[in-house]
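Reviewing the structure listed below.
The values are calculated or read from the model by the stated rules, or taken from the named source; none is laboratory data. Since this is a predicted model, take the numbers as computed values, not measurements. Note that each Cβ is placed from the backbone with ideal geometry, even for glycine, and that neighbours are counted across all protein chains shown.
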Amino acid sequence: MSRPGFVLEVDERTPALLMHQGEGFRLEKLPLGSRVVYPPESLPGLRDVDARIREALLNPLGSEPLPDLLHAGMRLTIVFDDLSIPLPQMRTPDVRQRIIEQVLEMAAAAGVDDVELIAGNALHRRMTPAELKRTVGERVFRSFFPHHLRNHDAEDRANLVEVGHTKHGEVVEINKRAATSDLIVYVNVTLTAMSGGPKSVSVGLASYRSLKHHHNVHTLRHSRSFNDPPNSAMHHSYHRMAGVLDEHVKIFQIETSLNNDTFPTQLGFLNKREWEWTLKDQAAYLAVKRANDLTPAKQRRQIWHRTAAPYGITSVTAGDPGAVHEVTLQHVLRQQLTEVNGPSDIGIWGLPYICPYNVNSIMNPILMMSLGLGYFFNLYRGQPLVRPGGVAIYYHPVSNEFHPVHHPSYIDFYEEVLAETTDPVAIEAKYEEQFATDPWYTHLYRNSYAYHGVHPLYMWYWGAHALEHLGQVIVVGGDRRTCERMGFRAATTLNDALEMAREKVGGSPTITYQHTPPLVMADVR
Amino acid sequence: MGLFREARVLTAGRDWRGRSRTPRSAADHQPPDEPREFPTGWARTPAARVARRGLQRGVLTPLTWSQTRPEVTGREGLDATKGPVVLIANHASHLDTPLILGSLPEHIAKRTAVGAAADYFFDARWRAAATALVFNAFPVERYRSRRLRSLAPQLLARGWSLLLFPEGTRSEDGWMAPLRMGAAQLCVTQGVAAVPVVLRGTYAAMPRGRNWPLPGRPRVVVRYGAPVKPEQGESARLFNQRLGQTVSRLWAEEEMGWYQSLRAQAAGELSMPTGPQAAEWRRMWESTRPVTRPGPPPAWRDGA
């Protein structure tokens, strides 16, 4: 029986608590009276995932069984979430592979010849052949790569089609192959409440023309939070676009949800509550911490990125996207939601080594901002964990380090744009068009493994709601010059950070630490 | 941060076993204790048996007899007993087990296992190991909270006699509590005889809260009844009632003497010695009254 999440109040019995800090972690003693939001314990995974997948395909929600939708001579497009989900990557076989293999078995039995597989990577970098193979499995890769298994190209004008407009005038433009298929089968992994559902096709296969309607400062500032779809302007836009898509293409959605088994057994202490650490856990902590600190930076990064999560699959649901997503969301919230009584003056987050955009890559300062002020700050329902004008304290080294292949436009954004302003509205007005249409960035996006030129700006917008809401952002252990460039303050220790925060929140602030990963979403009442 | 400093932060607030106290606000979120059965099979190996008899005969029994003045009656009724029996005793003190083990005939004592509260004697491994070695104890679940599988039927099947305290716990005030059904049920289902044992004076000698007998070698009485066999078709409830009557008579024997107690039982005048329905202090007052020997001293003693 998995225990629900809860809010700990730090007392004199509370041992030092674990904080993620980039490609490392540390123990930190929090001030007495601080609150710590713990996620629910990991739910048991499905015992027989393959059987559950088959059952879902044969008994879908709001749709005919998949075999009834397949017939010879049809155009079938299977789209799957790219490597930005889940985080960390799951152990192989990836659940997407398991699902795609069963879908293909059924397609083969029905005599479907025209099958294409597309990674729904939107403006993300292309997945490498090795990454594609890891996601879909050797058998699928061998049968379809490179001609019928590929990445979506949001800049291939010849292979994009404008499906229509929403009543708000939003352009719905997606991958032509998918839009002209008789059936799209979307294979999803819903890691947070933000993912999946109407977002899958309308975002994963979209172009910049379409994405800019919801990936903008105004929409993101009115998405409170990203993980609470009913209160997210971004999701309202997704829904409108999904409505347009529904009129033109048939989508059979297969969604999965995961439990909180984020770290493998040898790092089991990262999944446990600190006062329950056994001697073995403590020895493992010391050994791993010491080894991690002593390992050269490059090898350390490789080790972290090679560490796959032993996730259990908590649900597999198939059928109509709307009906399916409702069920999936329930499973996600059951695993991640913890009720919190009101916001506090200061919020603390330990930022780990990975975010959706640095898988097998470097977490650059912009991505740190997007993870901290975008993803983690938005892990709430109701109201933010920090009161308006409060202070967010993050743990991260914020090194001035970029992956030149994956994040070329990020480098220019950091060096040129942030040197001038950190205001998301000003950035959007002055620079978005330039970055989005820069032919060199577009070339790198299409032919190399670079994120789209506009992506760093989107990452900055991602934190726009937090930047507007917070009075100050302090990064413990952060590089001073990098933090200064981004408008944050760097502190050496937590005590220093709390001292700095006094200017904004007074001498006796209330403090809440959101203990994640594993992911926890605060239901702030 | 160096390893030393890291270790210091890690171990701050933890005890020498690395255990942290549970923060108060986390107390309601602790996982339920996993039922862990302490293995006691090793305590019945030949080597452990030799060690136990050495400890019992060389240390435990002489020590008990040096600190108290035990009087043992009815033991001769067990001399002819063959095969396993279930010894059913009232329980008021930690003296009870050493007194019974020290006064049992040798052929039964060396093949007797003692049922001990799993939640009390088997909660820490060192205590569990010591209890299992010295008393040949096996865990008995008192409150059915951990769903342990009882070892008792297996032990009987292997020829071990059992010493059980069917009240479930030591008396709070020296008087007896009703006998729980477990022991009677065991006798009925396994078809073994029960031997009622009544201890008097142990509460006065070493009640709850004391870990050593009162000074002055207080007198204690260990009274064995004749083995009681469940009859064909007898229910556990009826058998338990019969055991209760025998225990009541043995208890009353202290004040009435053997024959009078028999007559009182026949007349239906005896009931379970649950004490007067009075204020707590009066119940305790009565139960701690020193056990004095009625009448003149016997011509010969039935000592250990």
Exercise for review: Mind checking which strands (runs of 3 or more DSSP E) fall wholly inside the stretch A:1-103 and carry at least 1 residues that are away from chain B (no Cβ under 14 Å) and not β-branched (Val, Ile, Thr)?
Suggested key: A:17-20, A:75-81
Exercise for review: Go through A:9, A:55 for me and flag whichever is over 29 Å from residue A:136 (Cα atoms) and of a type in the set (Asp, Glu).
Suggested key: A:9
Exercise for review: Give just the number: which of (1) within 24 Å of the chain's Cα centre (by Cα); (2) modelled with pLDDT of 85 or more; (3) more than 19 Å from residue B:223 (Cα to Cα); (4) not charged (D, E, K, R) does residue B:284 not satisfy?
Suggested key: (2)
Practice item. State whether the residues of the stretch A:142-158 include one that is within 25 Å of the chain's Cα centre (by Cα) and aromatic (Phe, Trp, Tyr). Key: no
Check your understanding: Is it true that some residue in the stretch B:12-32 is of a type outside the set (S, T, N, Q), touching a strand residue (DSSP E or B) at 6+ places or on another chain (Cβ under 9 Å), assigned to a loop (DSSP other than H, G, I, E, B) and within 23 Å of residue B:126 (Cα to Cα)?
Key -> yes
Check your understanding: Taking helices (runs of 4 or more DSSP H) that fall entirely within the stretch A:342-444, which contain at least 1 residues that are charged (D, E, K, R) and farther than 21 Å from residue A:466 by Cα?
Key -> A:408-412, A:424-437
Exercise for review: Of the numbered conditions (1) of a type in the set (D, E, K, R); (2) under 24 Å from residue A:250 (Cβ atoms); (3) touching a helix residue (DSSP H, G or I) at 6+ places or on another chain (Cβ under 8 Å), residue A:68 fails exactly one; give the number of that condition.
Suggested key: (3)
Check your understanding: Inside the stretch A:67-86, can you point out the residues that are of a type in the set (Gly, Ala, Ser) and more than 27 Å from residue A:154 (Cβ to Cβ)?
Key -> A:72, A:73
Practice item. Might you let me know whether the stretch A:112-123 holds any residue that is within 27 Å of residue A:259 (Cα to Cα), polar (S, T, N, Q) and under 24 Å from the mean Cα position of the chain (by Cα)? Key: yes
Check your understanding: Filter the stretch A:394-437 for residues that are farther than 23 Å from residue A:218 by Cβ and hydrophobic (A, V, I, L, M, F, W, C); which is farthest from the chain's Cα centre (by Cα)?
Key -> A:419
Exercise for review: Could you check how many residues of the stretch A:245-284 are more than 30 Å from residue A:317 (Cβ to Cβ), within 14 Å of chain B (Cβ to nearest Cβ) and among the polar types (S, T, N, Q)?
Suggested key: 2
Revision key, fill the gap. If we ask which residues in the stretch B:1-14 are over 11 Å from residue A:290 (Cβ atoms), within 8 Å of chain A (Cβ to nearest Cβ) and not hydrophobic (A, V, I, L, M, F, W, C), their number turns out to be 3
Exercise for review: Being of a type in the set (Phe, Trp, Tyr) and either within 11 Å of another protein chain (Cβ to nearest Cβ) or in contact with a His (Cβ under 6 Å, 6 or more places away or on another chain) (or both) is the filter here, so list the residues in the stretch A:285-308 that pass it.
Suggested key: A:285
Review point. What number goes with the only condition from (1) exposed (fewer than 14 other Cβ atoms within 10 Å of the Cβ); (2) within 14 Å of another protein chain (Cβ to nearest Cβ); (3) out of contact with any helix residue (DSSP H, G or I) (no Cβ under 8 Å at 6 or more places or on another chain) that residue B:17 does not pass?
Key: (3)
Exercise for review: Would you tally the residues in the stretch A:161-202 being farther than 27 Å from residue A:330 by Cβ and not in a loop (DSSP other than H, G, I, E, B)?
Suggested key: 14
